[in-house]
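Written below as structure tokens is the structure these notes are about.
The values are calculated or read from the model by the stated rules, or taken from the named source; none is laboratory data. This is a predicted model, so every value here is computed, not measured. Don't worry about glycine lacking a Cβ; one is built from the backbone with ideal geometry, like all the others, and counts go over all protein chains shown. Protein only, heavy atoms only, side chains kept; ligands, DNA and RNA dropped before computing areas. Shrake-Rupley method; radii C 1.70, N 1.55, O 1.52, S 1.80 Å.
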Amino acid sequence: AQTVTQSQPEMSVQEAETVTLSCTYDTSESNYYLFWYKQPPSRQMILVIRQEAYKQQNATENRFSVNFQKAAKSFSLKISDSQLGDTAMYFCAFMKMGDMRFGAGTRLTVKP
Amino acid sequence: NAGVTQTPKFQVLKTGQSMTLQCAQDMNHEYMSWYRQDPGMGLRLIHYSVGAGITDQGEVPNGYNVSRSTTEDFPLRLLSAAPSQTSVYFCASSYRGQGASGSDYGYTFGSGTRLTVV
């Protein structure tokens, strides 16, 4: 089974600055999808960004972008111009054919 | 669209009781899954389904049963509740492929059910 590792349990960043969250995964599959989800205190799971493994171009969604290194099995999330509303748990996830596995999460705090 | 609807939102069970957590989606998604989230932890996959009549086990399937008789519904059954099953449970659904807009792949989550077993 695929495993997802997030090595940073907690991070903090000043408002308006940039922060990068790390994620590595282990798989023998060649075609799969990777995701970052955000979970604010409301507990709702919110999809932030997705990356298809067969696409070399890194995905971007407004202030959120990823650095996808397929050979290294690395999938980091960069948040630019951090806002107070970005404070949340962030989960990296690997998905193949309906089977999605999550990392343990990184708690991000944006400080004013 | 209601999205993914989970009921109930809160439940307290006594050890040994059985119950069913309901999950319904109105987006015609092929994939559906159940996760549990324990305090300070990530989500762990219990069971998932790639279509009506097809289910498979995830990371932590013991003590839970599922069935998928329709595309819309994916109930999770606790056969004999134990305190170790105290958790927040999330149901989720996804298109199998790219979806109508070409970029819809990925799970949409319900708002969760907080279950306490005493």
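So for segment A:59-72 (the condition being more than 24 Å from residue B:34 (Cβ to Cβ), exposed (fewer than 15 other Cβ atoms within 10 Å of the Cβ), within 14 Å of another protein chain (Cβ to nearest Cβ) and of a type in the set (Asp, Glu)), does at least one residue qualify? Yes, the conditions are met somewhere in segment A:59-72.
The set of residues from segment B:30-43 being buried (at least 16 other Cβ atoms within 10 Å of the Cβ), of a type outside the set (Asp, Glu) and within 10 Å of another protein chain (Cβ to nearest Cβ) comprises B:31, B:32, B:33, B:35, B:37, B:42, B:43. Among the residues of segment B:72-98, the one identified as in a loop (DSSP other than H, G, I, E, B), within 14 Å of another protein chain (Cβ to nearest Cβ) and either of a type in the set (A, V, I, L, M) or surrounded by 23 or more Cβ atoms within 10 Å (Cβ to Cβ) (or both) is B:74. For segment A:68-82, the tally of residues that are touching a residue at least 40 places away in the same chain (Cβ under 8 Å) and in a strand (DSSP E or B) stands at 6. For segment A:1-35, taking the residues that are polar (S, T, N, Q) and out of contact with any strand residue (DSSP E or B) (no Cβ under 8 Å at 6 or more places or on another chain), the one that is farthest from residue A:78 (Cα to Cα) is identified as A:28.
For residue A:42, the conditions (1) in a loop (DSSP other than H, G, I, E, B); (2) closer than 30 Å to residue B:10 by Cβ; (3) modelled with pLDDT of 95 or more are fulfilled apart from (3). Summed over segment B:26-56, residues that are part of a loop (DSSP other than H, G, I, E, B) and either β-branched (Val, Ile, Thr) or closer than 14 Å to residue B:88 by Cβ (or both) total 5. Restricting attention to segment A:66-80, does a residue exist that is closer than 23 Å to residue B:56 by Cα, within 15 Å of the chain's Cα centre (by Cα) and among the aliphatic types (A, V, I, L, M)? Among the residues of segment A:66-80, not one is closer than 23 Å to residue B:56 by Cα, within 15 Å of the chain's Cα centre (by Cα) and among the aliphatic types (A, V, I, L, M), which makes the answer no.
Do the conditions hold for residue B:105, that is, is it open to solvent by less than 60 Å² (accessible area, probe 1.4 Å), free of Cβ contacts under 8 Å to residues at least 12 places away in the same chain, of a type outside the set (S, T, N, Q) and within 14 Å of chain A (Cβ to nearest Cβ)? Judged against the criteria, residue B:105 is a match.
Can residue A:35 be described as surrounded by 12 or more Cβ atoms within 10 Å (Cβ to Cβ), in contact (Cβ under 8 Å) with a residue 24 or more places away in the chain, of a type in the set (A, V, I, L, M, F, W, C) and more than 23 Å from residue B:4 (Cα to Cα)? Criteria not met by residue A:35.
Taken as a whole, the condition of being facing chain A (nearest Cβ under 10 Å) and modelled with pLDDT under 95 does not apply to residue B:58.
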